[in-house]
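The values are calculated or read from the model by the stated rules, or taken from the named source; none is laboratory data. This is a predicted model, so every value here is computed, not measured. All Cβ positions, glycine included, derive from the backbone under ideal geometry; neighbour counts span all protein chains shown.
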Ligand code: ADP
Ligand code: MG
């Protein structure tokens with residue numbers, strides 16, 4: 001490899017907002033065969049907002065208990081719930097006790113009540129029946145929404161639908177990656193149904209979707225694809241994505257993402273526009289062709 005062409009290639013990348021941490025990564029990008037995309041904040045904007053709240057039982061005004069329970073969580077879904085409570089003029093209190101359960105939700109004590117907010121799995125673990133909520137959950141999820149259950153003193157009282165818009169160029173970017181011969185996968189901690197709806201919207205086949213992946217298992221999915229004989233680029237924005245970014249042959253971080261992800265990655269896309277991924281592949285292929 002001639003250092004000059006690598007330097008020229010890296011410079012062209014930088015002009016396009018694609019930052020390679022070193023020439024070896026510009027080189028390595030040409031041999032990528034699979035791209036594993038994180039969903040939230042990578043394929044989607046990562047700015048969730050509450051679109052619907054269904055009250056199953058009890059008083060709708062108890063929603064303040066839910067936002068109070070989420071007040072100390074740093075999860076983007078918690079921020080969406082707290083922002084909604086502000087808009088709807090619910091007063092959120094400081095919880096007396098609070099516990100965040102990674103990949104599942106939160107449990108808290110607010111005004112002497114036990115509040116649990118999160119996934120079906122969280123409810124199961126707390127021995128809370130959610131059969132009355134199932135039809136709402138499924139209809140929200142089939143539309144690509146993240147549906148969150150909220151229980152007060154052991155009874156599911158609310159089903160909350162949260163939307164996160166797909167970035168305008170994600171679908172086109174994925175189509176371009178596929179036409180470059182890359183196998184495109186999606187990974188998320190979110191529910192299966194929600195994940196499949198989003199995958200369908202952007203043109204990723206169902207069998208390439210890994211959903212309900214716990215943060216500590218994200219890197220394993222990279223290894224699984226590598227074990228099938230492919231060189232993998234992982235694209236992510238979150239703290240949770242860092243181990244997977246390190247494990248991948250090429251780790252690509254979204255510039256608007258967390259510092260931890262950017263540090264773990266080999267390449268940073270300043271704008272977060274996924275069209276930069278096929279651009280990076282083409283740039284790498286072209287640069288390496290010039291070299292040989
Ligand atoms: P993601 O990759 O979507 O960020 P996470 O592993 O952080 O996934 O969370 C997985 C799921 O757990 C979320 O889709 C949500 O259903 C639930 N969850 C996590 N944290 C919270 C929270 N603070 N409030 C409600 N639900 C939560
Ligand atoms: Mg993310």
What pairs come up if the first residue lies in the stretch 40-65 and is more than 30 Å from residue 184 (Cα to Cα), the second is within 16 Å of ligand 2 (Cβ to nearest atom), and their beta carbons are under 6 Å apart, counting only those six or more places apart or on different chains?
none
Flag for residue 37 being within 16 Å of ligand 1 (Cβ to nearest atom), in contact with a helix residue (DSSP H, G or I) (Cβ under 6 Å, 6 or more places away or on another chain), touching a residue at least 40 places away in the same chain (Cβ under 8 Å) and more than 21 Å from residue 147 (Cβ to Cβ):
yes
Look through the stretch 231-249, keep the residues that are modelled with pLDDT of 95 or more and surrounded by fewer than 18 Cβ atoms within 10 Å (Cβ to Cβ), and return whichever of them is farthest from ligand 1 (Cβ to nearest atom).
231
Strands (runs of 3 or more DSSP E) wholly inside the stretch 191-292 containing at least 2 residues that are over 13 Å from the mean Cα position of the chain (by Cα) and within 19 Å of residue 46 (Cβ to Cβ):
250-254, 267-269
Of the residues 73, 79, which is in a loop (DSSP other than H, G, I, E, B), in the same structural domain as residue 145 (by TED's automatic domain parsing), out of contact with any helix residue (DSSP H, G or I) (no Cβ under 7 Å at 6 or more places or on another chain) and in contact (Cβ under 8 Å) with a residue 12 or more places away in the chain?
73
Take the conditions away from ligand 2 (no atom under 16 Å from the Cβ), within 30 Å of residue 204 (Cβ to Cβ), at pLDDT 95 or above and surrounded by fewer than 21 Cβ atoms within 10 Å (Cβ to Cβ) and apply them to residue 83. Does it pass?
yes
Given the residues 112, 103, which is the only one that is touching a helix residue (DSSP H, G or I) at 6+ places or on another chain (Cβ under 6 Å) and at positive phi?
103
Selection from the stretch 122-179 of residues that are part of a loop (DSSP other than H, G, I, E, B), surrounded by 14 or more Cβ atoms within 10 Å (Cβ to Cβ) and in contact (Cβ under 8 Å) with a residue 60 or more places away in the chain
145, 164, 167, 169
Please indicate, with yes or no, whether at least one residue in the stretch 102-111 is modelled with pLDDT of 95 or more, surrounded by 19 or more Cβ atoms within 10 Å (Cβ to Cβ) and within 30 Å of residue 276 (Cα to Cα).
no
